[in-house]
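The values are calculated or read from the model by the stated rules, or taken from the named source; none is laboratory data. As the structure is a prediction and not an experimental result, all values here were calculated from the model. Positions of Cβ are backbone-derived with ideal geometry, glycine not excepted, and every protein chain shown enters the neighbour counts.
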Amino acid sequence: MKAIWRFELPIEDSPVVDMPRGARVLHDPPSGRGDPDRIEIWAEVDVREKSEPRAFRVVGTGNPLPGDCGRFVGTVLTHGGVYVWHLYEADEST
């Protein structure tokens with residue numbers, strides 16, 4: 001059975017979150033919502049699948065991009081738009 005679940009990632013360089021195997025990240029949140037020290041994402045998941053760790057990269061605007069960041073997920077504003085974060089899902093090889 002499929003469902004859409006919300007996940008929270010800490011704002012750090014390389015957060016890892018457990019998600020059901022095969023989860024498909026859909027979209028980043030609108031700015032100004034939720035905890036200003038975390039990034040929320042939503043994913044389409046198969047609730048019958050076992051969880052596995054998924055690696056992400058969080059890069060602040062103006063900071064250097066580290067090597068291959070992976071697939072761009074979205075941009076999130078926190079603290080009333082003072083901080084702008086760009087979220088990538090790291091490739092398995094990175």
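Miscellaneous remarks
- Residues of region 5-29 that are in a loop (DSSP other than H, G, I, E, B) and at pLDDT 90 or above: 11, 12, 13, 14, 15, 21, 22, 23.
- All positions within region 66-94 that are touching a His at 6+ places or on another chain (Cβ under 9 Å) and either at pLDDT 90 or above or part of a strand (DSSP E or B) (or both): 72, 73, 74, 75, 76
- Within region 71-85, tally of residues that are within 12 Å of the chain's Cα centre (by Cα) and over 13 Å from residue 15 (Cβ atoms): 4
- Within region 58-80, residues that are of a type in the set (Asp, Glu) sit with their Cβ atoms under 8 Å from residues that are surrounded by 11 or more Cβ atoms within 10 Å (Cβ to Cβ) and at pLDDT below 90, at 6+ positions apart or across chains, in these pairs: 68/91; 68/94.
- Residue that is nearest to residue 13 (Cα to Cα), among those in region 30-60 that are modelled with pLDDT of 95 or more and in a loop (DSSP other than H, G, I, E, B): 50
- Unmet criterion (only one of (1) surrounded by 12 or more Cβ atoms within 10 Å (Cβ to Cβ); (2) over 18 Å from residue 91 (Cα atoms)) for residue 56: (2)
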